[in-house]
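Below: one structure, written as structure tokens.
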Amino acid sequence: MKKPTLLIVFLVVFIDLMGFGIVIPLLPLYGQRYHPSPAMFGLLMAVYSLMQFLFAPVLGRLSDRFGRRPILLLSLVGSVLGYLLFGLQNSLALLFLSRVVAGAMGANVSTAQAVIADVTPPEKRAHGMGLVGAAFGLGFILGPAIGGLAVHLGERWPGFLAAGLSFTALLVATIWLPETWTADSRAGRASLPRRGWFSTKALRDALSHPQIGLVLLIFFLSTFAFANFESTFALFLNHRLDLSVTHVTYLFVFIGVLAAVVQGGLIGRLTKAFGERRLVVAGTLILIPSYLLMLVASSVPLLMVFLIPLALGAGLVQPTLSSLVSRLSSADEQGGVLGLYQSMSSLARITGPFWGVYAFESIGMPAPYLTAAAVVAVSWLLALLMLKRAREAKRVEAQAQAAVAAEG
């Protein structure tokens, strides 16, 4: 494992996602003042993830062709431009444009994952992916707090400060991040058949793979379930516990700290002890009662206790699935497959919040949490199937090796 490269990737993702964390809590407040229709407001909240869904595989395949470094730098340039537009916006159209640019160019996480896959051996990969998850969580902890301070300087300052952070990440990557897509890999790439940048065949191939397809489905369903929780949690706290926005923020920070501890500190040891597939099974199983327990939380202390298993389950699932999908894909396709993986996240973050808020308002407060529990239960069943298939494949391989040895 190339520790300096991992440290640089961690810093780049962390600094850039602090900027993301600054902007996201303010986006609905800025959008409201232009009085959009409900449908237009919903599209404003979803357009970033929609653009990522469309463009993450494109940029991932570009990173397979031209290298990780230039695509990561391009993505960071897009972040700077998007946040600058956010700071300069004075109309709904410009606010939309800021989110479109940031989303279309936002391949920093999937490209960072491809860098980690390049520089880590398979047995260390879950730990490396966990570092990205920890950077993600820490960025979301500090970002909203910084944004809350910056807004007191003026409504444009949060966007400008987020742009400054992404520019800092761009400088760090430009100066210190090496190209991890090796010369041998580049030579091998020349012999690959050329495909369209957004390859439907690549998507079909990934979904039809007996392991990768299950990983993508589990990731989509578990992210959809968490998005139901995440998008309605503030509404839930206000209705159930009558908490202020400040207290809601503290609870999100609490979740972020827990997830960062799991993904940054524990995931490597747990993977070494139990393996990725068992951790996915355990994580999805833990999440089922965790979502249901939210419905019986009658006080803040009790809620904080219930949030511990939820953060643990979520912290186990994401980095182990990232590690699995990178290990199961061939080296020359890792960027493209990780781009598809990121697109599954974006699709879930388009549909999950929409359904969660709609269900909360039209069906009732328990609906998003019941939905999340049901969906993650399906993820658990798919995780069990994935574990079974892996065991069967290992048994077949052992039998084949035994047959070859017997013939010898």
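The values are calculated or read from the model by the stated rules, or taken from the named source; none is laboratory data. This is a predicted model, so every value here is computed, not measured. For neighbour counting, all protein chains shown are included, and Cβ atoms are generated from backbone atoms with ideal geometry for every residue, glycine included.
Taken over the stretch 96-123, the criterion of being in contact with a Gly (Cβ under 6 Å, 6 or more places away or on another chain) and of a type in the set (A, V, I, L, M, F, W, C) is satisfied by VAL101, ALA102, MET105, ALA114, ILE116.
Looking only at residues of the stretch 82-94 that are touching a residue at least 60 places away in the same chain (Cβ under 8 Å) and surrounded by fewer than 22 Cβ atoms within 10 Å (Cβ to Cβ), we find that the one that is farthest from GLU179 (Cα to Cα) is LEU92. Among the residues of this structure, GLY19 does not count as one that is closer than 17 Å to PHE96 by Cα, buried (at least 20 other Cβ atoms within 10 Å of the Cβ) and either outside the structural domain of ARG156 (by TED's automatic domain parsing) or not hydrophobic (A, V, I, L, M, F, W, C) (or both). Condition test on VAL119, is it of a type in the set (Val, Ile, Thr), buried (at least 24 other Cβ atoms within 10 Å of the Cβ) and either in contact with a helix residue (DSSP H, G or I) (Cβ under 6 Å, 6 or more places away or on another chain) or closer than 15 Å to LEU73 by Cα (or both)? Judged against the criteria, VAL119 is not a match.
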